[in-house]
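K.L.:
Before anything else, here's the structure in question.
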Amino acid sequence: MINVAVLGYGTVGSGVVELLFKNNRLFASKTGQPVAVKYILDIRSFPGDRYESLLVRDIETVLRDPEINVVVETIGGAGVAYEFTRRALQAGKNVVTSNKELVNEKGPELLALARENGVRYLFEASVGGGIPVILPMMSGLGANEIHRIVGILNGTTNYILTKMKNDGMSFEDALGRAQQFGYAEANPSADIDGLDTCRKLCILASLSFGKYVHADRVRPEGIRGVTPELMTLAEQQGYRIKLIGSAQRLPDGIVEMFVGPAAVPASHPLANIEDVFNGILVSGDATGDVLFYGKGAGKMPTASAVCSDIIECSKPLCESILWDVTDNDFVRSPAPGRFEYLEGTNIPIVMSI
Ligand code: HSE
């Protein structure tokens, strides 16, 4: 029997609970055993909520219960979520999460802790919302040397840019809508200023290149400077402006990383990824380009990715990931003159077709 405790009953946590109940038979058939939500931990009250009877406030209830074998961390941030994750792993419980900040901040320590305790720390939902990208990259593309990852990794900013371009919506109105839909972070500056994209890119780079990359190795730029006029100028030159994250391994082993608004040729698949959708192009030495596409944010798509990791927890534990922290000097920003720029702007052209 898989007994799940969900920490944090916000947008993603409530989506996970809803999906585990809705598709319960499916989870049982995929894992070969019943799957139940035993606790929902939150300091808030939810009077009248359908699952109110499962609410607990004390983490000890979860940690001391030997029946709990999967803890879902959807609290967010690197504060209490870090403490609860550490303690759950130390207590021999698998932890699955959508928390990209914590994965990027403390990934090496938490992955090592999971290995020491014979459990998993899984984070499919931390990148690309509902798009399965981490497991497919690690297993389906496992035969490849990955040499480039480039993509649109933030649903909120892609939604804002799309609404500004297609509907003439103001930046503020588009952001307000993204918040209503549950796409944006609690503090949307992480979305708008590029840090969320940066963290996700660093997670993918760490997985692909085998060494841990912390977000402070990259200087992200966000979309505050992207105006409707700039977007029109780009269109006139045959480009679309997107918030792009790119990590490319150069022949000397250096990984060049870029996060910022960039011009993508209008005919390139990434240029046509709109609204809350994300697109992640992964280039392997054997396979060539593989494009992952789907909803990059939102309650149920992200819940889908979290729940896929719960299913993973039912499988025999083989080799777990470890991130080497010994050397961070292999990351650098693109050198001056590395890119061409959109005429009359400081927007780099990062893709060719
Ligand atoms: N705020 C994030 C986004 C949520 O908009 O992409 C999904 O990680």
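The values are calculated or read from the model by the stated rules, or taken from the named source; none is laboratory data. Keep in mind that what you see is a predicted model, and the values were worked out from it rather than measured. Positions of Cβ are backbone-derived with ideal geometry, glycine not excepted, and every protein chain shown enters the neighbour counts. Just so you know, the surface numbers come from the protein's heavy atoms only, side chains and all, with ligands and any DNA or RNA stripped out. Shrake-Rupley method; radii C 1.70, N 1.55, O 1.52, S 1.80 Å.
Quick grid of which residues meet (1) within 27 Å of V17 (Cα to Cα); (2) under 20 Å from the mean Cα position of the chain (by Cα); (3) aliphatic (A, V, I, L, M); (4) within 16 Å of the ligand (Cβ to nearest atom):
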{"residue": "R240", "(1), (2), (3), (4)": "no, no, no, no"}
{"residue": "S246", "(1), (2), (3), (4)": "no, yes, no, no"}
{"residue": "F258", "(1), (2), (3), (4)": "no, yes, no, no"}
{"residue": "A263", "(1), (2), (3), (4)": "no, no, yes, no"}
{"residue": "I273", "(1), (2), (3), (4)": "no, yes, yes, yes"}
{"residue": "S283", "(1), (2), (3), (4)": "no, yes, no, no"}
{"residue": "A286", "(1), (2), (3), (4)": "no, no, yes, no"}
{"residue": "S304", "(1), (2), (3), (4)": "yes, yes, no, yes"}
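K.L.:
Let me ask something else. Does at least one position in the stretch 183-198 carry a residue that is surrounded by fewer than 18 Cβ atoms within 10 Å (Cβ to Cβ), of a type in the set (A, V, I, L, M, F, W, C) and within 17 Å of V103 (Cβ to Cβ)?
P.N.:
yes
K.L.:
A further question follows. Where the second residue is outside any loop (DSSP other than H, G, I, E, B) and within 12 Å of the ligand (Cβ to nearest atom) and the first is not assigned by TED's automatic domain parsing to the domain that holds P348 and of a type outside the set (G, A, S) and lies in the stretch 135-156, which pairs have Cβ atoms under 7 Å and are six or more apart or on separate chains?
P.N.:
Hits for this filter: L135/E124.
K.L.:
Filter the stretch 150-199 down to the residues that are more than 19 Å from P220 (Cα to Cα), away from the ligand (no atom under 12 Å from the Cβ) and not in a helix (DSSP H, G or I) and list them by number.
P.N.:
If the condition is that a residue be more than 19 Å from P220 (Cα to Cα), away from the ligand (no atom under 12 Å from the Cβ) and not in a helix (DSSP H, G or I), then G168, M169, S170 are the ones that fit.
K.L.:
What are the residues in the stretch 6-29 that are surrounded by 19 or more Cβ atoms within 10 Å (Cβ to Cβ) and without any contact (Cβ under 8 Å) to a residue 12 or more places away in the chain, if any?
P.N.:
Of everything in the stretch 6-29, nothing turns out to be surrounded by 19 or more Cβ atoms within 10 Å (Cβ to Cβ) and without any contact (Cβ under 8 Å) to a residue 12 or more places away in the chain.
K.L.:
Right, next: Within the stretch 262-280, which residues are open to solvent by 10 Å² or more (accessible area, probe 1.4 Å) and under 19 Å from G344 (Cβ atoms)?
P.N.:
P265, A266
K.L.:
Mind checking which residues of the stretch 200-217 are out of contact with any Leu (no Cβ under 7 Å at 6 or more places or on another chain) and either within 10 Å of the ligand (Cβ to nearest atom) or in a loop (DSSP other than H, G, I, E, B) (or both)?
P.N.:
Within the stretch 200-217, G210, Y212, V213, H214 qualify.
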